[in-house]
Amino acid sequence: IARQKLGRSRGAVAVNACIVRYRLDRPIGVLYLLAAVLDPFVYAGTIYFVLATIFGRDDPSRFPLLLLGVIAFRWTLSCLIHALNLHVIRDRLAEASRYGYIGSIIAIVAPPTLAFVLALSLALIWSIVAGAPGRSLAAIWTLPGVILFQFLWNCVFVVAIGTLRRARIIMGQAPIIAAATIVWFLSPFMYRLDDIPVSASRILTSFNPVSHVIAAYQNAYWYGHVPSLSVLPAAALAVIVGTGLIWNFRARHSRPHAAARYAAAPGSNPQIIIMDAASPPL
């Protein structure tokens, strides 16, 4: 703590957040992490079974694209749900770190990101080994850029949910799950563009930001097309600028946390306060 640096502090928080979330300090933790990684495969398989048996949508490429959408959806949804604990984690980290707010965001985002990376890697390896028809790796090099955009997106959403929770506007998981499910399920991962009429296509795709993210994933991961540079770069820049504005606003209008004065600073020792019955309560 006495020699904290931003990079080392963020890395330590990310590693320990994953250990705590999935209980990796115990042998059973492997099962928790495996369940988080395989969870999208179960959901995608269930949805595909319904689409294939009831609606007759059983073309070979539908399941890999459906699985890709569920993996991406689960990443964002998990970040949003755990963002309700942002203020609690921040209060605890502020007692021992100068980077309590950044650390709390990393603590929220890191475990779902680990599960996302493992699930996406497993899906990618499976699709390559299976030799699915219509699969192209020509634009796979653009996939990290799409992942980075969604990562920035998730961080901004975490800050927003934490702010709404602090203001007591959102108190539980139900409105978060409902809103995220409605927006995501209106995007083309459970259906294809040729499954819907042309009149509804613009509403469900052009005016839906999630559709652009899913289209970028599908182009980079499956179709071998470079994602469109007309939407995602501008959206990523807007996310970065918005994050900077929120950070600047908080820095100007927020008071230091009460526990921050007890945090260890570089080159100093932690303070020890001894209380007895005659001392006033903190």
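The values are calculated or read from the model by the stated rules, or taken from the named source; none is laboratory data. Only a predicted model underlies this, so the values are computations on that prediction, with no experimental measurement involved. All accessible areas refer to the heavy atoms of the entire protein, side chains included, with ligands and DNA or RNA removed. Shrake-Rupley method; radii C 1.70, N 1.55, O 1.52, S 1.80 Å.
First compute the accessible area of the range 63-123 with a 1.4 Å probe, then give the percent of it belonging to carbon and sulfur atoms. Show your work: numbers first, answer last.
On the way: 1230 of 1780 Å².
Heavy-atom surface of the range 63-123 belonging to carbon and sulfur, 1.4 Å probe: 69 percent.
Taking the full set of protein chains and a 1.4 angstrom probe, give the accessible area of C155 in square angstrom, rounded to the nearest 10.
Surface accessible to solvent at C155 totals approximately 30 Å².
Probe radius 1.4 Å, ligands and nucleic acids ignored: give me the carbon and sulfur share of the accessible area of the range 127-180 as a rounded percent. Could you put the intermediate results ahead of the total?
Values: 2110 of 2880 Å².
That fraction is 73 percent.
Looking at the range 1-86, I'd like the Rg to Rh ratio, where Rg is from alpha-carbon atoms and Rh is Kirkwood's inverse mean 1/r. Each step should come with its number before you reach the end.
Numbers: Rg = 18.0 Å, Rh = 15.6 Å.
Expressed as Rg/Rh, it is 1.16.
Calculate log10 I(q)/I(0) of the range 60-102 for q = 0.27, 0.33, 0.35 Å⁻¹, where I(q) comes from the Debye formula with a single equal point scatterer on each Cα and nothing for solvent.
Taking Cα atoms of the range 60-102 as identical point scatterers yields -0.86, -0.99, -1.04.
For the range 103-151, with every protein chain kept in place, what is the accessible area per residue (1.4 Å probe, Å²)? Working shown, then result.
Numbers: 2090 Å² over 49 residues.
Accessible area per residue, the range 103-151: 43 Å².
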